[in-house]
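Report on one structure; see the data block that follows.
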Amino acid sequence: DWTPGNVVADQVEAIRAQVGTKRVICGLSGGVDSSVAAALVQKAVGDQLTCVFVDHGLLRADEAEQVERDFVAATGVKLMVVDARQRFLDALAGQTDPETKRKIIGREFIRVFEDAARDVVADAGAHGEEVEFLVQGTLYPDVVESGGGEGAANIKSHHNVGGLPDDLQFSLIEPLRTLFKDEVRAVGLELEVPEEIVWRQPFPGPGLGIRIIGEVTAERLEVLRAADKIAREELTRAGLDRDIWQCPVVLLADVRSVGVQGDGRTYGHPIVLRPVSSEDAMTADWTRLPYDVLSVISTRITNEVSEVNRVVLDVTSKPPGTIEWE
Ligand code: XMP
């Protein structure tokens with residue numbers, strides 16, 4: 001019988017048999033797959049697992065906290081948080097080309113993770129232990145569609161460990177390899193992973209770095225984070241989270257337009273809302289959000305985020321537009 005409970009029981013047994021007394025590392029992204037994979041391994045081998053979370057500073061409001069606080073509280077996992085925010089900002093300074101930004105973020109991510117993995121290995125070595133395994137949240141569709149789409153290919157270049165050097169060789173543990181997304185969610189709920197993580201919509205590895213059109217700076221990240229938080233709050237309040245695939249919120253940082261706010265003329269930036277409906281992100285349609293929800297989002301963003309004086313709606317399907325703007 002397929003039940004989440006049986007999957008958990010089977011995987012726990014298999015992971016214990018595979019790992020023995022050795023130690024395991026898992027990179028956490030804050031997304032569903034890596035979180036559920038980590039929770040499963042944690043249940044199987046407890047303290048033998050160390051999770052590494054790289055905070056690249058391109059996350060949305062409260063995401064890092066959610067991993068640090070809620071995930072640890074729910075699973076008891078041993079977590080190493082690497083604050084790499086300044087490092088990513090430095091690496092991205094002056095960069096405006098989308099592909100260049102993506103490559104920089106991917107490269108820095110691998111380097112930071114690699115350093116963290118070395119630290120975990122060194123620490124284990126000091127206790128006479130071996131670190132032999134690395135957990136990957138690979139799902140069944142990732143296995144079959146090895147090529148994948150643009151997004152899938154990028155997911156791989158972000159999270160796979162092919163880029164790790166030879167002296168850091170690990171065997172892989174992939175406890176979700178036979179599962180589809182909805183099954184992963186069921187397993188996550190069974191493991192009491194927080195619902196905010198289990199039901200999270202897709203979010204790209206390069207994060208807000210590819211939702212700021214133009215150079216990524218600390219100030220711009222703050223503006224975008226504030227606008228994004230409002231959009232997400234209102235979509236949740238309207239009960240629309242499970243109806244839409246995702247809703248990127250994009251800051252046109254190099255565009256300004258004239259507005260009037262309070263008593264005076266403003267010259268601020270536009271925010272784009274990009275709600276999409278999709279089955280697999282290969283194609284997508286723009287979501288016909290209710291006008292009253294759009295209206296509340298627009299009013300709140302322009303009232304609460306002083307740098308923004310205009311909110312616009314992206315009504316392009318994919319193709320021709322991609323879901324993300326970069
Ligand atoms: P696009 O913009 O290609 O996005 O239509 C398709 C889906 O993939 C997500 N996406 C990414 N996910 N790393 C990821 O993990 C990436 O580099 C990346 N780029 C896009 C995007 O959010 C959408 O769900």
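Taken together, the values in this text are just the output of simple stated rules run on the coordinates, not laboratory data. All of these numbers come straight from a predicted model, not from anything done at the bench. As a convention, Cβ positions derive from the backbone with ideal geometry for all residues, glycine included, and neighbour counts pool all protein chains shown.
Numbers for the structure displayed
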quantity	calculated
Over the chain: helical MRE at 222 nm, DSSP H runs n ≥ 4 each giving -39500 (n - 2.57), nearest 500	-13000 deg cm²/dmol
Packing-based exposure ordering (other Cβ within 10 Å, fewest first) of Leu252, Leu49	Leu252, Leu49
Cα-projected label distance for Asp285 with Ser306, points at 7 Å along beta-carbon direction, nm	4.3
Inter-centroid distance (Cα atoms) of the range 238-300 relative to the range 204-225, Å	15
Fraction of beta bridges assigned by DSSP in the chain that are antiparallel (%, nearest 5)	30
Size of electric dipole in the range 4-198: Cβ of Lys, Arg +1 and of Asp, Glu -1, about Cα centre, debye, nearest 20	260
Cross-link partners of Lys22 among lysines (Cα-Cα below 28 Å; sequence separation of 8 or more within a chain)	Lys43, Lys78, Lys156
Share, in percent, of DSSP beta bridges within the range 4-198 that are antiparallel, nearest 5	0
Mean Cβ count within 10 Å, highest first, over the residues of peptides 193-203, 313-323, 118-128	193-203, 313-323, 118-128
The range 216-260: trypsin sites (Lys or Arg not before Pro) in DSSP coil with no more than 10 other Cβ atoms inside 10 Å	Arg242
Stretchable slack from Glu219 to Glu196, in nm (0.36 nm times residue separation minus alpha-carbon distance)	5.6 nm
Hull volume in cubic angstrom per residue (convex hull over the Cα atoms of the chain)	138
Nearest-20 debye value, the range 236-326 charge dipole, Cβ charges on Lys, Arg, Asp, Glu	280
Antiparallel bridge percentage (DSSP; both residues within the range 211-313; nearest 5)	60
Lys/Arg +1, Asp/Glu -1 at C-beta; the chain dipole; positive extreme among Leu28, Ala74, Ile173	Leu28
Under the span-like rule (Cα at least 30 Å along the axis, Kyte-Doolittle mean at least -0.5), DSSP H helices of the chain	98-126
